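The values are calculated or read from the model by the stated rules, or taken from the named source; none is laboratory data. For clarity, every value in this text was computed on a predicted model and none was experimentally measured. All Cβ positions, glycine included, derive from the backbone under ideal geometry; neighbour counts span all protein chains shown.
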Amino acid sequence: MSNILSKLEKRTAYTLVLPAVLLVFAIVLFPVFANIWISFKDIELKDIRIPEPRAKKIVKSISDDGSELKIVYKLRNSSLIQEIRNVKFQDKFPKNISILNLDSRCNFKSKKIICDFGNWDAKYKENFEIILKNIDGEKIKKEIIKSQKPILSGKSDNPLLTANFTLKNFKKVFYENNFIDLLLTTFYFTFFGTVGAIIFGILAAQLVNQNIQGRSYMRGILLFPYVGPVVALAYTWTLLLDPNSGTLNAVLVNFNIIESPINLLGQKYITISVLGFDFKLRLALTTVIFFEIWRYFPLAFLFILARLQAIPKSLYEAAEVDGASPVQKFVHITLPQITAIISILFMIRFIWNFNKFEDIFLLTGGASGTRTLPINVYQQGFAVSDIGMGSAVSIVIVMLLLAFMIIYFKLIGKKANEI
Amino acid sequence: MKFKSITIFLVISSFFLTCILSIWKIMSTLQGLNFTNLNITGVFFNGIILSLLFVLIGDRINHLMKIFSLSFLFSFLYFYFNETSPYWYIFGVFLIILFFTNKLKKYNTKSLTEDFISEKIIFDFITLFGIVFFAFVILFPFYIMLVTSFKTQIALLVNPLDFSLDFSKSLTELFKSYFVIFETYNFSRYILISSAVSIGTVIVTLLFAIPAAYAVARLNFFGKNFLSTSILIIYMFPAIVLVIPLYTVFSQLGLRNSIFGLLIVYTATTLPVAIYMLQSYFKSIPKEIEDAGIMDGQNWFGIILKIIIPLSLPAISSVALYVFMIAWNEFLFSLMFLDNPKSFTLSRAIQYLSGDAETPRQYLMAGSVIVTLPVLFIFVYFEKYLVSGLTSGSVKG
């Protein structure tokens with residue numbers, strides 16, 4: 001009896017789970033593996049269409065009474081790299097029409113012309129002509145002829161499914177792509193974005209955790225950048241930082257804090273001298289990192305605040321009795337209580353920042369030294385339209401991510417599980 | 001009274017005063033006032049004198065009397081030295097000084113001798129400063145977004161600092177950017193598409209997620225543990241690595257430029273989160289209630305429909321709100337999949353607008369306001385439900 005029940009339970013469970021699992025597999029997991037396949041292929045954006053035979057029909061009358069017509073079919077293979085096999089062609093005509101120059105590849109039977117063109121190579125082109133004559137000698141209506149579209153069919157390989165593989169893409173990724181620079185930029189962006197977001201998150205959480213008026217409003221406001229749509233926020237910031245008429249530069253120039261506007265998002269380097277030493281700061285990258293911090297510190301804030309509110313008040317009261325200073329309380333009570341959540345946050349934010357695409361894309365488009373790996377996927381795949389190369393960069397991202405996860409779980413994973 | 005603690009008190013408090021007065025000055029400049037000097041040193045010394053006076057007067061006068069008279073005195077001095085400034089500006093200065101002196105309430109000659117008082121002073125003022133700083137830094141861009149949408153291109157080019165709104169203009173003049181983007185740029189269509197995609201995603205996601213979450217929470221089956229851990233791992237997977245394969249497959253299937261294609265992708269990417277959130281809630285429902293349902297001869301479908309869903313409506317609605325917000329804000333996939341203006345979502349339409357360098361910025365900002373408002377409205381209205389969901393790790397970004 002229980003056996004039947006457990007069987008029934010299993011069957012129900014699978015029917016309940018299966019639709020969701022299949023969908024997620026098809027849209028999330030399948031592409032991750034498809035990337036591996038595509039990254040070994042020499043394939044461009046224009047090649048991903050399956051080659052198909054095309055014909056453009058041009059109708060001209062060649063006799064004065066209109067009883068004779070010439071039709072030119074401009075035939076071509078839509079693909080520049082692939083052949084189409086066994087191309088069949090078919091077109092229909094009205095009654096009482098004969099064809100004067102029937103091609104040897106074609107048959108004309110009961111108002112239909114059927115041709116067998118054999119194989120077309122890549123880039124194949126042909127002007128295929130036929131001349132029609134009305135048997136009655138009456139005028140042939142051009143519109144009727146024109147409105148009838150020829151039907152073509154043929155067999156071709158899906159360029160994604162052929163078995164031509166190459167290592168070219170990976171060679172290009174590592175040798176022709178400024179790979180070191182790309183990697184360094186990505187790490188700067190990820191690391192400083194993550195650390196900055198966590199530091200600001202701690203500060204904000206510490207603030208809101210005190211007994212201040214309007215604390216719940218403050219919590220809501222602090223989350224605005226996180227819940228707002230990235231497009232709107234990124235464009236607002238570009239407008240604020242614009243060198244020509246942006247508010248920030250205008251204010252700074254107005255109060256004589258800077259002499260001339262700074263192109264915060266368009267300038268790759270800025271030289272800052274501190275104590276006689278000149279430092280070269282990557283300006284656009286720094287600005288983008290600050291935007292990143294602005295947008296994502298709320299998440300860190302929220303997690304840390306939740307943790308802070310769970311710390312027992314008695315700990316602080318005991319410290320008060322022992323005569324601890326505010327700094328001592330923070331270092332000896334608060335910090336140890338939030339290290340676990342900070343390490344988890346670091347991991348989550350690190351991974352998500354590492355894959356951040358929209359923010360950088362909308363602010364700078366990857367120009368002036370802000371090209372990170374995800375931006376490069378887009379640039380290779382869609383701007384240069386070399387999707388094989390784009391996939392290869394995606395594979396590099398996935399590999400690095402797996403490496404982070406493994407390192408993380410070896411180092412901190414056990415600690416994180418304890419909370 | 002220690003000399004050290006009073007020095008720290010004076011410096012920190014007047015630094016704080018300088019900061020808020022500077023922010024007030026900058027905000028007033030953006031209303032068209034013509035200041036070119038922040039006069040930091042002047043304000044700073046005034047602040048020191050103000051704080052010193054405050055501590056010296058101590059308890060000799062009633063607190064309210066004290067703060068009002070000090071604020072009057074100092075705003076009058078301020079007005080005397082900045083004659084050009086209008087009354088509303090001076091009134092703002094008065095309110096700020098009132099607020100500031102009220103914050104000084106707990107400091108007097110006695111309290112400045114307590115233990116660790118300098119650290120406490122620093123902590124107090126950093127807290128105040130932090131609140132002002134965070135509120136300003138966060139709200140300022142939203143403020144600029146909103147006011148820019150009411151300005152005209154010419155006015156912004158003439159004086160990029162003047163964001164004052166001219167209420168003498170008619171409403172149609174004031175809201176001109178909004179009329180233009182609706183009439184010329186077809187934004188009503190994009191709003192419809194965005195709403196359809198987002199609401200569709202919510203419905204489909206819930207349809208898939210509720211049964212799956214129930215199975216994960218309640219039923220025993222082979223691969224259950226694997227499933228619940230892989231949910232989290234899939235959640236960490238980046239969208240950018242999915243883009244190229246999905247683009248190629250969708251092109252070949254003709255799903256690009258279609259709302260349906262977008263719906264599938266959004267559903268699949270939000271499903272793991274939805275299942276994760278729902279199953280943890282379902283686990284908290286007492287199992288006895290379901291047993292009663294089984295006794296009554298309900299099958300699994302009936303149990304989900306008649307017991308689980310009514311009991312977990314709060315969780316389901318918070319998941320629904322989240323999925324709506326994720327789908328509404330989504331940009332990457334709409335950028336990749338949509339290139340026909342007929343099927344743009346709002347985010348994609350704004351990005352498309354900005355691609356044309358000729359587009360005036362106020363149109364861009366009007367579009368941004370339109371895409372931001374619904375999300376902020378939902379967030380503010382349902383904040384309590386959403387915040388608890390956020391900490392359970394729902395929104396990816």
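Things to note:
- Here the range B:263-298 is the region considered, the condition is being surrounded by 12 or more Cβ atoms within 10 Å (Cβ to Cβ) and outside any helix (DSSP H, G or I), and the residue that is modelled with the highest pLDDT is B:Ile285.
- Screening A:Gln213 on (1) in contact with a Leu (Cβ under 9 Å, 6 or more places away or on another chain); (2) more than 9 Å from chain B (Cβ to nearest Cβ); (3) free of Cβ contacts under 8 Å to residues at least 60 places away in the same chain shows it passes everything except condition (1).
- Residues in the range A:311-328 that are away from chain B (no Cβ under 11 Å) and either surrounded by fewer than 15 Cβ atoms within 10 Å (Cβ to Cβ) or part of a helix (DSSP H, G or I) (or both): A:Pro312, A:Lys313, A:Ser314, A:Leu315, A:Tyr316, A:Glu317, A:Ala318, A:Ala319, A:Val321, A:Asp322.
- Residues that are crowded, with 22+ Cβ neighbours inside 10 Å and more than 9 Å from every other protein chain (Cβ to nearest Cβ) were ranked within the range B:319-329; the one that is nearest to B:Thr205 (Cα to Cα) is B:Val323.
- Residue within the range A:272-291 that is within 13 Å of another protein chain (Cβ to nearest Cβ), under 30 Å from A:Gln210 (Cα atoms) and either exposed (fewer than 14 other Cβ atoms within 10 Å of the Cβ) or not small (Gly, Ala, Ser) (or both) present: yes
- When residues of the range A:329-388 are limited to those that are basic (Lys, Arg) and outside any helix (DSSP H, G or I), the one farthest from the other protein chains (Cβ to nearest Cβ): A:Arg371
- On inspection, A:Asn164 qualifies as under 30 Å from A:Asn35 (Cβ atoms), outside the structural domain of A:Trp352 (by TED's automatic domain parsing), among the polar types (S, T, N, Q) and surrounded by fewer than 11 Cβ atoms within 10 Å (Cβ to Cβ).
- For the range A:243-264, residues that are in a helix (DSSP H, G or I) and under 19 Å from B:Val369 (Cβ atoms) total 1.
- Looking only at the range B:218-236, and only at residues there that are of a type in the set (A, V, I, L, M, F, W, C) and surrounded by 15 or more Cβ atoms within 10 Å (Cβ to Cβ), the one that is farthest from the chain's Cα centre (by Cα): B:Phe221
- Flag for B:Ala349 being at pLDDT below 90 and touching a Phe, Trp or Tyr at 6+ places or on another chain (Cβ under 6 Å): no
- Answer residue from the range A:210-242, given it is at pLDDT 85 or above and not in a helix (DSSP H, G or I) and is farthest from A:Phe361 (Cα to Cα) among those: A:Leu223
- Residue identified as within 11 Å of chain A (Cβ to nearest Cβ) and in a helix (DSSP H, G or I) among B:Ile307, B:Ile316, B:Ile303: B:Ile303
- Residue among B:Thr205, B:Thr248, B:Thr201 that is at pLDDT 85 or above, in contact with a Leu (Cβ under 7 Å, 6 or more places away or on another chain), under 30 Å from A:Lys41 (Cα atoms) and not aliphatic (A, V, I, L, M): B:Thr248
- Total residues in the range A:299-310, condition facing chain B (nearest Cβ under 10 Å), under 29 Å from the mean Cα position of the chain (by Cα) and under 21 Å from A:Phe330 (Cβ atoms): 3
- Candidate set from the range B:274-292 (those that are of a type in the set (D, E, K, R) and in contact (Cβ under 8 Å) with a residue 12 or more places away in the chain); member that is nearest to B:Ile307 (Cα to Cα): B:Glu290
- Only one of the listed residues (A:Phe187, A:Phe165) is of a type in the set (Phe, Trp, Tyr) and part of a helix (DSSP H, G or I). That residue is A:Phe187.
- The set of residues in the range A:38-64 being touching a residue at least 40 places away in the same chain (Cβ under 8 Å) and facing chain B (nearest Cβ under 8 Å) consists of A:Ile38, A:Ile48, A:Ile50.
- Residue ID - nearest to A:Lys155 (Cα to Cα), chosen from residues in the range A:1-24 that are within 25 Å of the chain's Cα centre (by Cα) and at the interface with chain B (Cβ under 9 Å from one of its Cβ atoms): A:Leu23
- If the condition is being in a loop (DSSP other than H, G, I, E, B) and without any contact (Cβ under 8 Å) to a residue 12 or more places away in the chain, then the range B:55-74 contributes B:Arg60, B:Ile61, B:Asn62.
- Boolean, A:Val173 is out of contact with any Ser or Thr (no Cβ under 6 Å at 6 or more places or on another chain) and surrounded by 19 or more Cβ atoms within 10 Å (Cβ to Cβ): yes
- Some residue of the range A:138-154 being in a strand (DSSP E or B) and either surrounded by fewer than 16 Cβ atoms within 10 Å (Cβ to Cβ) or among the aromatic types (Phe, Trp, Tyr) (or both): yes
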